[in-house]
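S.K.: Here it is, the structure, as structure tokens.
All of the numbers you see were taken from the coordinates with simple rules; none came from a lab. Here the structure is a predicted model, which means the values were calculated and not measured. A quick note on method: Cβ atoms are made from the backbone with ideal geometry, for glycine too, and the neighbour counts reach across all protein chains shown.
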Amino acid sequence: MHPSGLSRDIELSLQEKTSIQPHIFIANIREAQTVSRILIAWELGGNYGHLARCLRVALALRDRGHNVAFVVRDPRTAAEILGKHSFVYFQAPHVATPTRLANPPANFSEILIGKGYADQWALLGMTRAWQALFQFFRPDVVLADHAPTALFAAHIMSIPAIPIGIGLAVPMPVSPQPSIRPWEPVPETRLIHADRTVNTCLEAVAAAVGFKGKRVPTLADLYANALLAFFPEFDHHGFRPNGKYIGPIFSFPPPTPLKWHGNRPHRVIAYLRSETRGFTSLMQALRNSESFETIIMVPGLGESNTKQLSAPHLQIFRDTISIEDILPKADVMISQGGVGTMAQTLLKGVPMLLMPHHVEQYLAAQRINELGASIICEPVDRSSEKITALLEALIQTKSYRDNANDFAQAHAGFDLNEPVFATVAALEAKIRRR
């Protein structure tokens, strides 16, 4: 162990990823006025998707001469993803103690109520903190990925802002916000009450900070010009007639030497986390199978568990790796239902076994089920026997592969860079109109 308390390998990795010097940011934000300052805000949600998506946009913006900084929900994730690219980031304002709801959130407004949007003091504190960040960085435009309070504060300060995101992170431009639990009978009065609670809180905070505009924006107003970074077929709420669908923004992990060993008749790729319900049964099914050769990514899996579960026909990776080269030859992809993974898989014409871990993933998985390109492994039965049977059904039933290929052909002209270009163009248009 190194004297710093870090292993030598980790210390070297950190040195490689944190080469930025403290004075660089101050120098950059004081450059000539011809340089545009763009702040990318991530306030809610977890895992890598938000920053991985925004990183590609940030790199494109920097290549065009813009000064880019981040405000992030999770500094640890930012250190992993942004550090080696020398982007500066700040901690996003948040409530110290989220509001405990009596029932699981029924719509986007209830999600926000759990994050402080029924507590005027909490929302006022977060709004003023965002205002202070904006006053410090002086952005010409804000890109908000699941960052509703950043959008609100930007509106209060007349700073142009564009929401971007996937699924439930981009609410519908309607009121009340629709239910996100379609399998439950949610009274409309509950949805209306949730919207009214959030909008009343926004009005009170706007008055407290001295907003002089004609009308306080509602939650729906804040997302009126959102960029939808996914395919229309994946929309959790169904197709939005006036939605600005730009397509998914994929991240590109570093290349990893991969190859199929060819010691089993069928090839499976999997990407999910160990806390997913049924994970142990899944690993048992894959390890004991004489039919499946598997390459699986399990971010955060412990080293001892990795060694214990690995086998010649079961390659386990503890980080996200590039699967572009091996994906076309896979028979099945196993996923929790992340929109990015599902899009990448269907673009290669590969059917999926989906094991959603939370509501957002379950709603997205239902959309793919409607295409006939997947099977959902329901939480009520995720035994190893059930998982094996579903994998065999996906492989043996030709229609799943055919429907996945139909999707791939329908989007054959999709340019992986186009969503990034569209986002950059939208931000630059906002700057020009300011």
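S.K.: Sequence-distant or interchain residues sharing an amide H contact under 5 Å with ILE334, placed H: which?
M.R.: Here the answer is ILE269, ALA270, TYR271, LEU353, since their amide H atoms fall under 5 Å of that of ILE334.
S.K.: Fewest to most neighbouring Cβ within 10 Å: what's the order for PHE211, PHE414?
M.R.: By the 10 Å Cβ count, ascending, the order reads PHE414, PHE211.
S.K.: Any idea how many Lys pairs in the chain come in under 23 angstrom at the alpha carbon, given 8 or more places apart or on separate chains?
M.R.: Total qualifying Lys-Lys pairs in the chain comes to 11.
S.K.: Any chance you could get the radius of gyration and Dmax over the Cα atoms of segment 336-413, in Å?
M.R.: 12.1, 39
S.K.: Still on this structure: Can you give me the convex hull volume of the Cα atoms of segment 388-431, divided per residue and expressed in Å³?
M.R.: With only Cα atoms used, segment 388-431 gives 101 Å³ per residue.
S.K.: Can I ask one more? Order these by the 10 Å Cβ neighbour count, fewest first: ASP319, ASP235.
M.R.: ASP319, ASP235
S.K.: Report the calculated FRET efficiency for ASN288 and LYS212 (r = Cβ-Cβ distance, R0 = 56 Å), to the nearest 0.05.
M.R.: 0.25
S.K.: Let me ask another. Highest mean first, how do 255-261, 88-94 rank when packing is the count of other Cβ atoms within 10 Å averaged over residues?
M.R.: 88-94, 255-261
S.K.: Can you tell me the alpha carbon radius of gyration of segment 266-410 divided by the globular rule-of-thumb value 2.2 N^0.38 Å?
M.R.: Relative to the rule-of-thumb radius for its length, segment 266-410 sits at 0.95.
S.K.: Obtain the nm distance between the two label points defined at ALA425 and SER158 by a simple spin-label model: each point lies 7 Å from its Cα along the Cα-to-C-beta direction.
M.R.: Here the answer is 2.9 nm between the modelled labels.
S.K.: Can you list, largest first and rounded to whole Å, the semi-axes you get for the chain by taking the square root of 5 times each eigenvalue of its Cα gyration tensor?
M.R.: The answer is 37, 27, 21 Å, longest axis first.
S.K.: Using the Cα atoms of segment 224-283, I'd like the radius of gyration and the largest Cα-Cα distance, Dmax, both in angstrom.
M.R.: According to the Cα coordinates of segment 224-283, Rg and Dmax are 17.9, 52 Å.
S.K.: Along the charge dipole of the chain, pointing to its positive end and built from +1/-1 on Cβ of Lys, Arg, Asp and Glu, which listed residue (SER399, PHE421, GLY262) has its Cα farthest out?
M.R.: Value computed over the given set: PHE421.
S.K.: Quick one: which of 302-309, 353-360, 61-68 comes out on top by average Cβ neighbours within 10 Å, and what's the full order, highest first?
M.R.: 353-360, 61-68, 302-309
S.K.: Stretched out fully, how many nm does the piece from LEU101 to ASP319 gain, at 0.36 nm a residue minus the Cα gap?
M.R.: Taking LEU101 through ASP319 to full extension adds about 75.1 nm, to one decimal.
S.K.: If you stretched the chain out fully between TRP121 and SER310, how much longer would it get, using 0.36 nm times the residue separation minus the C-alpha to C-alpha distance?
M.R.: 62.9 nm
S.K.: Still on this structure: For labels at VAL174 and LEU416 in the simple 7 Å Cα→Cβ model, what's the distance in nm?
M.R.: Distance between label points: 3.6 nm.
S.K.: Give me, ordered by chain and number, the residues 5 or more places off ILE321 or on other chains with an amide H under 5 Å from its own placed amide H.
M.R.: Here nothing satisfies the definition.
S.K.: What is the distance in Å between the Cα centres of segment 192-257 and segment 81-124?
M.R.: Segment 192-257 and segment 81-124 have Cα centres separated by 14 Å.
S.K.: For n ≥ 4 DSSP H runs only, could you compute -39500 (n - 2.57) per run for the chain, divide by its residues and tell me the 222 nm figure to the nearest 500?
M.R.: Mean residue ellipticity at 222 nm (helix-derived): -12500 deg cm²/dmol.
S.K.: Write down the percent of antiparallel bridges among all DSSP beta bridges whose residues are both part of segment 266-410, to the nearest 5.
M.R.: Within segment 266-410, antiparallel bridges account for around 5 percent of the total.
S.K.: As an exercise, use a Förster radius of 35 Å and the Cβ-Cβ distance of ARG433 and SER383 to find the FRET efficiency, rounded to the nearest 0.05.
M.R.: The formula returns an efficiency of 0.05 here.
S.K.: OK, next. With r defined as the distance between the Cβ atoms of GLU275 and ASN242 and R0 fixed at 45 Å, what FRET efficiency is calculated, to the nearest 0.05?
M.R.: Working from the Cβ atoms, E equals 0.75.
S.K.: Follow-up question, since we're still on this one. If you wrap a convex hull around the C-alpha atoms of segment 251-295 and split its volume per residue, what is the figure in Å³?
M.R.: 92 Å³
S.K.: Provide the three semi-axes, in whole Å and in decreasing order, of the ellipsoid equivalent to segment 150-270 as defined by the square roots of 5 times the Cα gyration tensor eigenvalues.
M.R.: The three semi-axes for segment 150-270 are 39, 21, 13 Å.
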